[in-house]
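A.B. asks: Got a structure for you, written out below as structure tokens; questions coming shortly.
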Number of protein chains: 2
Amino acid sequence: MTRLVLASSSPARYALLKASGIDPEVLIPTADEQALSDQFKTNNPNHTTSQLVAYLADAKAESVVGLQETFGALVLGGDSALEFQGATLGKPHLAEVAIERWKQLRGNHGVLHSGHCLIDNRDPAAPKMVSKTSSTKVYFANITDAEIEAYVATGEPLKVAGAFTIDGIGGAFIDRIEGDAHTVVGLSLGVVRDLCGQLGVEYTSLWR
Amino acid sequence: MTRLVLASSSPARYALLKASGIDPEVLIPTADEQALSDQFKTNNPNHTTSQLVAYLADAKAESVVGLQETFGALVLGGDSALEFQGATLGKPHLAEVAIERWKQLRGNHGVLHSGHCLIDNRDPAAPKMVSKTSSTKVYFANITDAEIEAYVATGEPLKVAGAFTIDGIGGAFIDRIEGDAHTVVGLSLGVVRDLCGQLGVEYTSLWR
């Protein structure tokens, strides 16, 4: 069995890995995500959403790779954001922001980008790093004002990228997607398999 | 709050409803699924996969709707199958069948059909029934013989329609989908919302 360390505090990423037969160890990234994000945006005024999540996924994985708990393991960093009408939408945090967002999202579509960075730290003297970003088109249902208010009242959309989940309470408000399904949850298992292949690791050796 | 009774023994459908904020009561359908399926196929030699799952979803909901536990509630029946190269694929049951299936599925695509039947039994003297089937295109990754063997050895594909899950161990072996994501798990939350609307029930009133 190959050990996997998840460098992310996202409960959705952890639950997804568990459901897929993997028992990841978790290390909260020491990278200051907000500061890194602001700095990246300042240094790259014409960046795409895809570039931003790739940068943050790399930073999260790299921030823990010096820790002894990762020696002998693969380290996985991930970051996600919604691209909508040219803007990058992260977590709304406030109820009034979430309500305004949903009034724009409903009946429209966006693209959920998830960045992945996998570092092979089985030999800590010579770590190897590979990265890949996946993008999935998401079509939002044309929900009513009452549904938006009921959804925001649950608190769920405030703390998630793009103000929605597909694997939680928001599931009924996504009409359809085109692309990898787990990318929308925040972590593509297919990409993890692909990156394992690049590192010469059998994906199935991650299974418990 | 509106009560929902799930007329299905599928743990995936139950887990999906729970994750979406709904606490369904569960009643195992008394309908003999295999007998009904065989009978339907005999009586309708030119049936589509979509027609078969619609018929079985209706039969499952109808089989419990006379039981007192459903009085005052909505009753939801569901059934799923994979359409692949003109054939309807259910559960493989045997390891050798699952291995042969995956050798055909890999690198190809199919359509997962999920039938839904919602019966409003809030007034048991006058139940109202609405139905809808949703269909999602599924693209399978071109996995290796070793991956097929490791996957079948987990036992998971033997007991699921089409020999794969997207929400379990098989998640990494689905490259992309086009359509409603939960249809692939066996139950579209968007369809449940739609059927609630047809019955004059607010979908959000199902939330705990």
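No value in this document is a laboratory result; all are computed from the given coordinates. Just so we're clear, the structure is a prediction, and the values are computed from it rather than from any experiment. Every residue, glycine as well, gets a Cβ built from its backbone with ideal geometry; the counts of neighbours run over all protein chains shown.
A.B. asks: In nm, what is the difference between 0.36 nm times the number of residues separating A:Ile28 and A:Asn43 and their Cα-Cα distance? Please list the in-between numbers first.
C.D. replies: Working: separation 15, 0.36 × 15 = 5.40 nm, distance 2.56 nm.
Full extension of this stretch gives 2.8 nm more.
A.B. asks: Something else: Find the relative contact order for the range A:20-117 and round it to a whole percent, using C-alpha pairs within less than 8 Å whose residues are 6+ positions apart. Let's see the in-between values first.
C.D. replies: Working: 106 pairs, mean separation 32.0, N = 98.
RCO, the range A:20-117: 33 percent.
A.B. asks: Shifting gears a bit: Ignore the peptide's own chain and count Cβ atoms of other chains within 10 Å of each Cβ in A:175-186; give me the average, rounded.
C.D. replies: Values: counts 5, 10, 7, 5, 5, 8, 13, 6, 1, 1, 3, 0.
That average works out to 5.
A.B. asks: Between B:Asp145 and A:Ala15, what FRET efficiency follows from the Cβ-Cβ distance if R0 is 25 Å, with the result rounded to 0.05?
C.D. replies: On the way: r = 30 Å, r/R0 = 1.21.
With R0 = 25 Å, the Cβ-Cβ based efficiency is 0.25.
A.B. asks: So, one more: Can you pull the mean other chain C-beta count within 10 Å for peptide B:195-202?
C.D. replies: Details: counts 0, 1, 1, 0, 0, 0, 0, 4.
Per residue, the average neighbour count from other chains is 1.
A.B. asks: Considering Cα pairs under 8 angstrom that are at least six residues apart, work out the relative contact order of the range B:4-206 and quote it in whole percent.
C.D. replies: About 21 percent, as a whole number.
A.B. asks: Nearest 10 degrees, 0 to 90: what angle lies between the long axis of helix A:95-105 and the longest principal axis of chain A (Cα atoms)?
C.D. replies: Between helix and principal axis, roughly 80 degrees.
A.B. asks: Beyond 22 Å between alpha-carbons counts as too far, so tell me which of B:Lys18/B:Lys137; A:Lys103/B:Lys137; B:Lys60/B:Lys91; B:Lys60/B:Lys159 fall in that bin. Can you show the working numbers first?
C.D. replies: Numbers: B:Lys18/B:Lys137 25 Å; A:Lys103/B:Lys137 29 Å; B:Lys60/B:Lys91 18 Å; B:Lys60/B:Lys159 19 Å.
The answer is B:Lys18/B:Lys137; A:Lys103/B:Lys137.
A.B. asks: Could you run the Karplus curve 6.51 cos²θ - 1.76 cosθ + 1.60 with θ = phi - 60° over the range A:38-43 and give me ³J(HN,Hα) per residue in whole Hz, x for Gly and Pro?
C.D. replies: The phi angles translate into 4, 5, 4, 5, 5, 6 Hz.
A.B. asks: In what order do A:Asp120, B:Asp79 fall by count of nearby beta-carbon atoms within 10 Å, going from fewest to most?
C.D. replies: Working: A:Asp120 20, B:Asp79 32.
By the 10 Å Cβ count, ascending, the order reads A:Asp120, B:Asp79.
A.B. asks: Would you mind ranking B:Arg208, A:Arg106 so that the residue whose beta carbon has the fewest other beta carbons within 10 Å leads the list? Could you put the intermediate results ahead of the total?
C.D. replies: On the way: B:Arg208 9, A:Arg106 16.
Exposure proxy ranking, most exposed first: B:Arg208, A:Arg106.
A.B. asks: Further question on the same structure: What are the ³J(HN,Hα) couplings of the range B:133-148, residue after residue, when phi is run through the Karplus curve with 6.51, -1.76, 1.60 and θ = phi - 60°? Round to Hz, x for glycine and proline.
C.D. replies: With the stated coefficients, the range B:133-148 comes to 10, 10, 9, 10, 7, 10, 9, 8, 5, 8, 7, 7, 4, 5, 5, 4 Hz.
A.B. asks: Continuing with the same structure: Given that compact globular proteins tend to follow 2.2 N^0.38 Å, what is the ratio of the alpha-carbon Rg of the protein assembly as shown to that value? Don't skip to the end; give the middle numbers.
C.D. replies: Numbers: Rg = 22.1 Å, N = 416, 2.2 N^0.38 = 21.8 Å.
Dividing the Cα radius of gyration by 2.2 N^0.38 Å gives 1.01.
A.B. asks: Continuing with this model, one more query. Work out, in µm²/s and without decimals, the Stokes-Einstein translational diffusion coefficient of the range A:38-92 at 25 °C, 0.890 mPa s, Rh from Kirkwood over C-alpha pairs. Could you put the intermediate results ahead of the total?
C.D. replies: On the way: Rh = 12.7 Å.
Rounded to a whole number, D works out at 194 µm²/s.
A.B. asks: Then there is this: How big, on average over all directions, is the shadow cast by the Cα convex hull of the range B:1-119, in nm²? Write down the numbers at each step before the final one.
C.D. replies: Numbers: hull surface 34.2 nm².
Its average projected convex-hull area is 8.5 nm².
A.B. asks: Kindly provide the helix-only [θ] at 222 nm of chain A, computed as the sum of -39,500 (n - 2.57) over DSSP H runs of four or more divided by all residues, to the nearest 500 deg cm²/dmol?
C.D. replies: Details: 7 runs with 71 residues, N = 208.
When only DSSP H runs of four or more count, the value is -10000 deg cm²/dmol.
A.B. asks: When the Kirkwood radius is taken over all Cα pairs of the range A:4-206, what Stokes-Einstein diffusion coefficient follows at 20 °C and 1.002 mPa s, in µm²/s?
C.D. replies: Numbers: Rh = 17.4 Å.
Estimated via Stokes-Einstein, D reaches 123 µm²/s.
A.B. asks: While we're on this one: Hey, can you rank B:87-95, A:158-166 by average C-beta count inside 10 Å, highest first?
C.D. replies: Numbers: B:87-95: 15.8, A:158-166: 22.2.
Ranking, from highest mean packing down: A:158-166, B:87-95.
A.B. asks: Could you list log10 I(q)/I(0) for the range B:9-55 at q = 0.17 Å⁻¹, which the Debye formula gives when each Cα is one point scatterer?
C.D. replies: Relative scattering, expressed as log10 I(q)/I(0), comes to -0.66.
A.B. asks: Here's a follow-up. Between helix B:189-198 and chain B, what is the angle of the helix's C-alpha long axis to the longest principal axis, kept within 0 to 90° and rounded to the nearest 10?
C.D. replies: Long axis of B:189-198 versus the principal axis of chain B: about 30 degrees.
A.B. asks: Could you check the simple spin-label distance between B:Ala126 and A:Ala153, using points 7 Å along Cα→Cβ, in nm with one decimal?
C.D. replies: Here the modelled spin labels are 2.9 nm apart.
A.B. asks: From the Cα trace of the range A:59-139, what convex hull volume per residue do you get, rounded to a whole Å³?
C.D. replies: Values: hull volume 8.4 nm³, N = 81.
It is 103 Å³ per residue.
A.B. asks: On average, how many beta carbons from a partner chain sit within 10 Å of the beta carbon of a residue in B:162-174? Kindly include the intermediate steps, with their values, before the conclusion.
C.D. replies: On the way: counts 0, 0, 0, 2, 5, 7, 3, 8, 3, 16, 16, 4, 5.
Mean shielding count: 5.
A.B. asks: Further question: For the range A:52-61, in order, what is each residue's ³J(HN,Hα) by Karplus, 6.51 cos²θ - 1.76 cosθ + 1.60 with θ = phi - 60°, in whole Hz (x at glycine and Pro)?
C.D. replies: Here the 3J(HN,Hα) series is 5, 5, 5, 4, 6, 4, 4, 4, 5, 5 Hz.
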